[in-house]
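Undergrad: Below is a structure I'd like to ask you about.
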C-alpha cells in the first residue's frame with residue numbers, strides 16, 4: 001500500500017543540524033537490518049523526517065546518495081500511513097540498506113515503529129484512506 005499525494009504533504013523535512021543532534025541525544029532509537037530509526041516527540045500535528053548516511057557506511061558519495069534515495073522512498077510510503085503524528089523521525093542508512101530488497105526496508109521501518117510503540121492506530125489509517133477515496 002502506497003501513500004497518497006495528500007498524505008505525503010504531512011511529511012515535513014528536517015534540515016537543521018541542531019534538530020538532528022537533538023533527536024540523536026534526547027530521542028529514542030531502534031536498529032533493524034536495513035536502517036536505524038531515531039525519533040523524538042514534537043509539538044506540532046505534522047510528522048517531520050530527516051535522512052542521514054555517514055561516510056562510515058560507504059566512502060562513495062554515489063552509494064550514500066542511493067541509500068538516501070531509497071530511505072526517502074520508504075519514508076514516503078510508510079510514514080504517512082503507519083507513523084504517529086507529532087513526532088520527528090530520522091532514518092539512518094546502514095551498510096545493508098543499499099542491497100536490501102525494498103519490501104524488506106519497508107518492513108524494517110514498520111517493525112521499528114512497532115518496537116518504539118509509534119504505530120498509528122489502524123482505525124485512523126483506514127478512515128483516512130476512506131475519506132480520500134470519496
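The values are calculated or read from the model by the stated rules, or taken from the named source; none is laboratory data. Quick caveat: nothing in here was measured; it's all calculated off a predicted structure. Backbone-built Cβ (ideal geometry, glycine too); neighbour counts: all protein chains shown.
Undergrad: Count, please, the residues in region 18-48 that happen to be touching a helix residue (DSSP H, G or I) at 6+ places or on another chain (Cβ under 6 Å) and either exposed (fewer than 14 other Cβ atoms within 10 Å of the Cβ) or within 17 Å of residue 96 (Cβ to Cβ) (or both).
TA: Residues meeting the conditions: 6.
Undergrad: While we're looking at this one, here's another question. Pick from 71, 91: which is crowded, with 19+ Cβ neighbours inside 10 Å and in a helix (DSSP H, G or I)?
TA: The match here is 71.
Undergrad: Can you give me the number of residues within region 71-124 that are more than 16 Å from residue 46 (Cβ to Cβ), in contact with a helix residue (DSSP H, G or I) (Cβ under 7 Å, 6 or more places away or on another chain) and at pLDDT below 90?
TA: Of the residues in region 71-124, 1 are more than 16 Å from residue 46 (Cβ to Cβ), in contact with a helix residue (DSSP H, G or I) (Cβ under 7 Å, 6 or more places away or on another chain) and at pLDDT below 90.
Undergrad: If you don't mind, there's one more thing I want to ask. Say we look at region 55-68 and pick out the residues that are touching a helix residue (DSSP H, G or I) at 6+ places or on another chain (Cβ under 8 Å) and either assigned to a helix (DSSP H, G or I) or free of Cβ contacts under 8 Å to residues at least 40 places away in the same chain (or both); which of these is surrounded by the fewest Cβ atoms within 10 Å (Cβ to Cβ)?
TA: The extreme case among them is 55.
Undergrad: Further question: Before we move on, is residue 78 in a helix (DSSP H, G or I) and over 12 Å from the mean Cα position of the chain (by Cα)?
TA: The answer is no for residue 78.
Undergrad: Another question about this same structure. Got at least one residue in region 26-42 being without any contact (Cβ under 8 Å) to a residue 60 or more places away in the chain, part of a helix (DSSP H, G or I) and in contact with a strand residue (DSSP E or B) (Cβ under 8 Å, 6 or more places away or on another chain)?
TA: Checked against the condition, which is being without any contact (Cβ under 8 Å) to a residue 60 or more places away in the chain, part of a helix (DSSP H, G or I) and in contact with a strand residue (DSSP E or B) (Cβ under 8 Å, 6 or more places away or on another chain), region 26-42 yields at least one hit.
Undergrad: Report yes if residue 102 is without any contact (Cβ under 8 Å) to a residue 60 or more places away in the chain, surrounded by fewer than 24 Cβ atoms within 10 Å (Cβ to Cβ) and within 15 Å of residue 37 (Cα to Cα), otherwise no.
TA: Judged against the criteria, residue 102 is not a match.
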